[in-house]
Amino acid sequence: TRLHLTRLTLTLGALLGAATLTSAQARTLAEIKASGTLKIGTNAEFKPFTYFEGNTMKGFEYDLGNAIAKQMGVKAEWINQPFDNLLIGLNQNRFDLVISSHGITPERARAVDFSLPHYCSGGVILSRPGGPKTAADLKGKTVSTQVGTTYVDQIKKVTGDRNLRLFPNNAGALQALMSGRVDAMVNEKFYSLEALKLNGKKLQQGETLFQEKLGMAVAKGNKTLLGAVNASLKTVQANGTYAKISRSHFGQDVRCR
Ligand code: ARG
């Protein structure tokens, strides 16, 4: 499975490039407004950002995306996809906007256009008590994470390719840690806090490996939509809506300072 996933990642990288070249016209702001619906892609297994409770989607990014759509005068329609399908799907116009905690990286910015960061956070180490807690501790240790994420390169840096264990979703990566198949996991700070809350004394949080700015993505060149998303984000950040949503999920305001 591991080799298979590594190959999959490479293929997806190639597809992402191809999709950019061949992408049909993305919907403009005027077309989205005329339709009344903003289609938002996300990977909803990432509590507290977007996740399902029964059949209901919830989370910080879910609430923020709805607030931004409302600000634009449209209704949000959420589409749940595997994380590493999202930017490809965006360039195939399967949705207008992606809100799924994407770190703004130069590589991704070649394929899509990013909004202003909608929050700032970092990747942290999670392990079982007695396990690795620092970047130095991770050397030579096996580490799990979700395929296609920014955590992949960070893990490779500290422990090398052969110790990386990739999973299609976060639940699998966490399960591998809980069951002792890997020594540690690297994931989003708030996702990890959530895992700690649920798993009490069975897990511990280690140091923050790196910081990142997270942004929403539109298809490359979709200037009208990007302008409206940025303007709406600024408005909800200025009028108290953002702070209220953020505090309800994190107990703090997570905007970049
Ligand atoms: N912040 C990380 C990245 O940029 C992970 C995002 C994972 N998001 C998710 N919805 N599963 O790659």
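The values are calculated or read from the model by the stated rules, or taken from the named source; none is laboratory data. Since the model is a prediction, treat every value here as computed from it, not as a measurement. So basically every Cβ, Gly included, is an ideal-geometry build from the backbone, and we count neighbours across all protein chains shown.
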Next on the checklist: If I ask for residues that are β-branched (Val, Ile, Thr) and either buried (at least 16 other Cβ atoms within 10 Å of the Cβ) or not in a strand (DSSP E or B) (or both), which ones from the stretch 188-236 would you list?
Outcome noted: 218, 224, 229, 235, 236
Next on the checklist: Taking the criterion of being surrounded by 22 or more Cβ atoms within 10 Å (Cβ to Cβ) and more than 16 Å from the ligand (Cβ to nearest atom), would at least one residue in the stretch 109-117 satisfy it?
Outcome noted: no
Next on the checklist: Can you pull out every residue in the stretch 91-108 that is within 12 Å of the ligand (Cβ to nearest atom) and touching a residue at least 40 places away in the same chain (Cβ under 8 Å)?
Outcome noted: 98, 99, 100, 101, 102, 103, 104, 105, 108
Next on the checklist: From the list 171, 176, exactly one residue is more than 10 Å from the ligand (Cβ to nearest atom), surrounded by 15 or more Cβ atoms within 10 Å (Cβ to Cβ) and either in a helix (DSSP H, G or I) or modelled with pLDDT of 95 or more (or both). Which is it?
Outcome noted: 176
Item to check | Hits in the stretch 18-70 - residues which are modelled with pLDDT of 95 or more, among the polar types (S, T, N, Q), more than 16 Å from the ligand (Cβ to nearest atom) and not in a loop (DSSP other than H, G, I, E, B) | outcome: 35, 37, 56, 66
Checklist outcome for this item: Taking the stretch 179-231 and keeping only residues that are in contact with a Lys or Arg (Cβ under 9 Å, 6 or more places away or on another chain) and of a type in the set (D, E, K, R), one is left with 181, 183, 194, 202, 207, 220
Item to check | Failed criterion for residue 206 (all others in (1) out of contact with any His (no Cβ under 7 Å at 6 or more places or on another chain); (2) closer than 23 Å to residue 82 by Cβ; (3) modelled with pLDDT of 95 or more hold) | outcome: (2)
Checklist outcome for this item: Taking the stretch 39-61 and keeping residues acidic (Asp, Glu) and under 11 Å from the mean Cα position of the chain (by Cα) leaves 45, 61
Next on the checklist: Exactly one of these conditions fails for residue 183: (1) within 14 Å of the ligand (Cβ to nearest atom); (2) surrounded by fewer than 23 Cβ atoms within 10 Å (Cβ to Cβ). Give me its number.
Outcome noted: (1)
Checklist outcome for this item: Checked 124, 98, 158 against criteria (β-branched (Val, Ile, Thr) and in a helix (DSSP H, G or I)); the one match is 158
Checklist entry - Quick check: is even one residue across the stretch 222-241 charged (D, E, K, R) and under 20 Å from the mean Cα position of the chain (by Cα)? => result no
Item to check | Tally of residues being of a type in the set (Gly, Ala, Ser), without any contact (Cβ under 8 Å) to a residue 24 or more places away in the chain and either within 14 Å of the ligand (Cβ to nearest atom) or buried (at least 21 other Cβ atoms within 10 Å of the Cβ) (or both) across the stretch 137-168 | outcome: 0
Next on the checklist: With the structure loaded, tell me whether residue 93 is farther than 21 Å from residue 184 by Cα and part of a loop (DSSP other than H, G, I, E, B) or whether it fails that test.
Outcome noted: yes
